[in-house]
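Below is one structure, written out as structure tokens, with a few remarks after it.
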Amino acid sequence: MGARRDAHALLRLTTRKREKVMQIVSHRITPCLWFDSEAEDAARLYSSIFPNSRIGRISRYGKEGFEIHGRPEGSVMTVEFELDGLRLTGLNGGPIFKFTEAVSFQINCETQDEIDHYWVKLGDRGQEGPCGWLKDRFGLSWQVVPSLLPQMLTSGDAAAAGRVTRAFLQMKKFDIAALTRAYEGEAVAAS
């Protein structure tokens, strides 16, 4: 009886290990974000903003390679984290590279409340930009976008798409109600 129970326990354990390996393999590409020394702070901020998020493993610099990396022993080297299921790595690599708008993360939002949430949380001590773009306090660019925007722009109604485009080009933070009014042909005041 004991051997049978052990075999079942081993089978469950093996299945769980295989599932974990499959999860890792299914994410072959992991964005790596280069920070000066704020990777852990950024990961903690981002994981506090997005649902289904967590901090994973944290590696630290050792004595080895100090002449190359110049980082104090014990300081954070990398942070693995997930944002709403998306795996990322933060690297403290020094001030050599900076973020630019050439790479950004899009957040597709179903409601105005979601847009407002991400806009306020990510924009805190950051910089607002046009058309739903903002930079957070670490300089990383985000696009906070209503999920319905691509449908409005590709519906086949060129006049409606033009009105929506004209409306969002005047916005910083997207306003779903104003975009809907523009799509439906109502006048939209500049925001």
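Summary of computed values
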{"item": "Partner aspartates and glutamates for K63 [C-alpha distance under 17 Å; skip if fewer than 8 residues away on the same chain]", "result": "E73"}
{"item": "Shape call, the range 135-191: gyration tensor on alpha carbons, a/c limit 1.5", "result": "prolate"}
{"item": "Cα gyration tensor category, rounded, prolate or oblate, for the range 62-191 with a/c compared to 1.5", "result": "prolate"}
{"item": "Across K98/K172; K135/K173; K98/K173, pairs whose alpha-carbon gap is larger than 18 Å", "result": "K98/K172; K98/K173"}
{"item": "Linear extension gain, A158 paired with L91, 0.36 nm per residue minus alpha-carbon span", "result": "19.7 nm"}
{"item": "Estimated inter-spin distance, H117 and R44, nm [label 7 Å along Cα→Cβ]", "result": "2.2"}
{"item": "For the range 61-103: rounded, prolate or oblate by the Cα gyration tensor [a/c cutoff 1.5]", "result": "oblate"}
{"item": "For the range 35-191: accessible area per residue (Å², 1.4 Å)", "result": "56"}
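The values are calculated or read from the model by the stated rules, or taken from the named source; none is laboratory data. Keep in mind it's a predicted model, so treat the numbers as computed, not measured. Neighbour counts run over all protein chains shown; Cβ positions are idealised from the backbone, glycine included. Note: accessible area is taken over every heavy atom of the protein model, side chains too, but ligands, DNA and RNA are not part of it. Shrake-Rupley method; radii C 1.70, N 1.55, O 1.52, S 1.80 Å.
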